[in-house]
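A.B. asks: What follows is a single structure, and I will ask about it in a moment.
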Amino acid sequence: MNCPICTADNEEILWRNDKLRVIAVHNEANAPAFCRVIWQNHVAEMTDLDAAERAELMETVYRVESAMRQVFKPAKINLASLGNVVPHLHWHVIARFADDANFPAPIWAAAQRPSATVLPADWPQQVRAVLQKEAV
């Protein structure tokens with residue numbers, strides 16, 4: 001198995017426990033504020049988890065959404081679990097801004113304009129601080 005999520009390195013980890021991790025994503029050109037919530041074990045679908053694991057995963061997705069809303073005050077948060085390219089269970093949590101390159105279209109659509117969104121360089125540390133403060 002050659003899963004890039006299982007073998008990832010150089011990730012900026014914002015929060016983790018023994019079952020999942022939250023990372024900042026910096027390589028999505030049209031998404032200036034993007035986090036990924038990743039299930040540690042290699043499973044492909046939500047139904048590969050038991051009910052308690054699904055609840056824990058989704059609670060973490062909601063915590064990341066809440067932290068990003070606090071830090072960024074975005075126009076919208078997008079949540080997505082695709083896994084078509086990499087079938088390893090993960091959720092995208094994406095802050096959207098009225099002046100980002102694609103808004104209101106998905107970030108993976110063709111850009112509609114140059115992005116005017118400017119975020120502080122330390123945004124991952126700000127999100128990390130909120131997640132650590134709210135850790136249960």
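A.B. asks: Which value, in Å² and to the nearest 10, is the accessible area of M58 when all protein chains are kept and the probe is 1.4 Å?
C.D. replies: Answer for M58: close to 30 Å² accessible.
A.B. asks: Okay, next question. Could you give the alpha-carbon Rg of region 11-132 over 2.2 N^0.38 Å, rounded to two decimals? Walk me through the numbers before you get to the answer.
C.D. replies: Values: Rg = 14.3 Å, N = 122, 2.2 N^0.38 = 13.7 Å.
Scaled against compact globular proteins, the figure is 1.05.
A.B. asks: Please state the charge dipole magnitude for the chain, taken about the Cα centre, from unit charges on C-beta atoms (+1 on K and R, -1 on D and E), reported in debye and rounded to the nearest 20.
C.D. replies: In total the dipole reaches around 420 debye.
A.B. asks: Still on this structure: Are there cysteines in the chain with no other Cys C-beta under 4.7 Å, and if so, which?
C.D. replies: That list is C35.
A.B. asks: Oh, and also: Run lengths n ≥ 4 of DSSP H only: what is the helix-derived mean residue ellipticity at 222 nm for the chain, with -39500 (n - 2.57) per run over all residues, to the nearest 500? Can you show the working numbers first?
C.D. replies: Details: 2 runs with 33 residues, N = 136.
Counting only the DSSP helices, I get -8000 deg cm²/dmol.
A.B. asks: Ranking request for peptides 118-128, 76-86: highest mean number of other beta-carbon atoms within 10 Å first, then the rest in descending order.
C.D. replies: Values: 118-128: 14.6, 76-86: 12.5.
By packing density, highest mean first, the sequence is 118-128, 76-86.
A.B. asks: Within region 4-78, which GluC sites (Glu not before Pro) sit in a loop by DSSP and count at most 10 neighbouring Cβ atoms inside 10 Å?
C.D. replies: On the way: sites: E11, E12, E28, E45, E53, E56, E59, E65; in loops: E11, E28, E45.
In loop regions of region 4-78 (DSSP not H, G, I, E or B), the sparsely surrounded GluC sites (Glu not before Pro) are E45.
The values are calculated or read from the model by the stated rules, or taken from the named source; none is laboratory data. Model, not experiment: these values are computed from the prediction. No Cβ is skipped: glycine too gets one built from the backbone with ideal geometry, and neighbour counts run over all protein chains shown. When the accessible area is computed, the model is the full protein with side chains, heavy atoms only, and any ligands, DNA or RNA have been set aside. Shrake-Rupley method; radii C 1.70, N 1.55, O 1.52, S 1.80 Å.
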